[in-house]
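Note sheet for the following structure.
The values are calculated or read from the model by the stated rules, or taken from the named source; none is laboratory data. Note that the coordinates shown come from a computational prediction; the quantities given were computed from them, not determined experimentally. Note: ideal-geometry Cβ built from the backbone for every residue, glycine included; neighbour counts use all protein chains shown. Side chains are part of the model used for accessible areas, which takes the heavy atoms of the whole protein and leaves out ligands, DNA and RNA. Shrake-Rupley method; radii C 1.70, N 1.55, O 1.52, S 1.80 Å.
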Amino acid sequence: MNVGDTLPPLEIPVTRTLIVAGAIASRDYQDVHHDAALAQEKGSPDIFMNILTTNGLVGRYITDHLGPRAVLRKVAIRLGAPNYPGDTMILTGTVTAVSGTAAAGTVVAGTAVAGTVVEIRVVGANGIGHHVTGTVTAEVPA
């Protein structure tokens with residue numbers, strides 16, 4: 001993996017079920033994530049995805065590419081355009097840094113490992129703009 005490498009895009013259909021299930025799974029019971037009428041009363045055209053669901057999807061995108069042994073060290077994201085039902089979010093990523101090999105003795109889940117530390121710039125775009133932008137730092141064990 002080298003600086004400038006791009007990850008293949010991941011298309012995620014934004015369904016009403018995904019939005020509601022993500023909110024419930026993350027215990028975010030704000031009405032704007034499950035009740036269209038109340039979301040509209042608050043000025044939104046419909047329910048919209050919460051940040052915790054987005055965060056999980058960004059993590060999935062990275063680990064799908066780096067493999068199941070990858071450890072997310074830092075996820076720093078910012079939300080922009082809401083994800084509404086019926087849209088599609090397309091996640092893309094670009095490697096911005098590779099630190100080589102982490103020092104031996106790094107502990108992951110109680111196990112000492114050495115691995116490559118990778119920083120990836122992630123963008124998730126939908127039909128109205130960038131839903132999420134940010135950077136993920138992950139370690140891939142050797």
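If you stretched the chain out fully between Glu41 and Thr17, how much longer would it get, using 0.36 nm times the residue separation minus the C-alpha to C-alpha distance?
Full extension from Glu41 to Thr17 adds 6.6 nm.
Using the Cα centre as the reference, give the magnitude of the dipole from point charges on the C-beta atoms of the chain (Lys, Arg: +1; Asp, Glu: -1; all else neutral), rounded to the nearest 20 debye.
Working: 9 positive and 11 negative charges, 75 e Å.
Around 360 debye, computed over the chain.
Accessible area per residue for region 20-76 in Å², computed with a 1.4 Å probe and the full protein assembly in place, what is it?
Accessible area per residue, region 20-76: 57 Å².
Please compute the modelled spin-label separation between His130 and Thr96, points set 7 Å along Cα→Cβ, answer in nm with one decimal.
Here the modelled spin labels are 0.9 nm apart.
Can you list residues from other chains, or at least 5 along the same chain, whose modelled amide H is less than 5 Å from the amide H of Thr88?
Amide H neighbours of Thr88, under 5 Å, 5+ apart: Val14, Gly127.
Charges on Cβ only, +1 for Lys and Arg, -1 for Asp and Glu, centred on the Cα centroid of the chain; of Thr116, Asn126, Leu52, which one is farthest towards the dipole's positive end?
The residue sitting farthest along the positive end of the dipole is Thr116.
Thr133: net charge of surrounding residues, Cβ under 12 Å, Lys/Arg +1, Asp/Glu -1, itself excluded?
+2
In the chain, what percent of the accessible surface is made up of carbon and sulfur (1.4 Å probe, ligands and nucleic acids excluded)?
56 percent
Note the full-extension length gain between Arg60 and Asn2 as 0.36 nm times their separation in residues minus their Cα-Cα distance, in nm to one decimal.
On the way: separation 58, 0.36 × 58 = 20.88 nm, distance 2.05 nm.
Gain on extension, Arg60 to Asn2, equals 18.8 nm.
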